[in-house]
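Everything on this sheet refers to the single structure shown next.
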Amino acid sequence: MALPWGDARAQFQLVRAHVETEIGRGVSKRTIFEALSSEGKINMSKTAFYKYAAKALNPKPDLPPGSAIVPPSKTGGSGSTTPRDSPLPSQPKGTNRFQMASKIPDYD
């Protein structure tokens, strides 16, 4: 029996085990949603169903109180230890790397 409108979370909790089982068998979320809707077990929107299904299948990691999630290390960029490409032969190293075309020898 479906619950009144606005209780999408409660509705999903009632059918969560069924949804997890069906997804484990390889049934698409769309097929599960359509079946549950036609049976009258849920009356939430498809978007709400997908949101709760995603949360059920991808729970947040359990962290001890006071700890933080550490972001992955960056690759490349200014803080990287990877060597930079050397400047072009017409560009001296250090300050004033870029030269005017009139000061570059053999520039046409």
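The values are calculated or read from the model by the stated rules, or taken from the named source; none is laboratory data. Here the structure is a predicted model, which means the values were calculated and not measured. Ideal geometry is used to build each Cβ from the backbone, glycine not excepted, and the neighbour counts take in all protein chains shown.
Taking the stated definitions as given, is D62 among the charged types (D, E, K, R) and modelled with pLDDT under 70?
So D62 does not fit the description; no.
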Cβ pairs under 8 Å, 6+ apart or interchain, first in segment 28-56 and closer than 15 Å to D7 by Cα, second among the aromatic types (F, W, Y) and part of a loop (DSSP other than H, G, I, E, B), ordered by first then second residue, are N43/W5
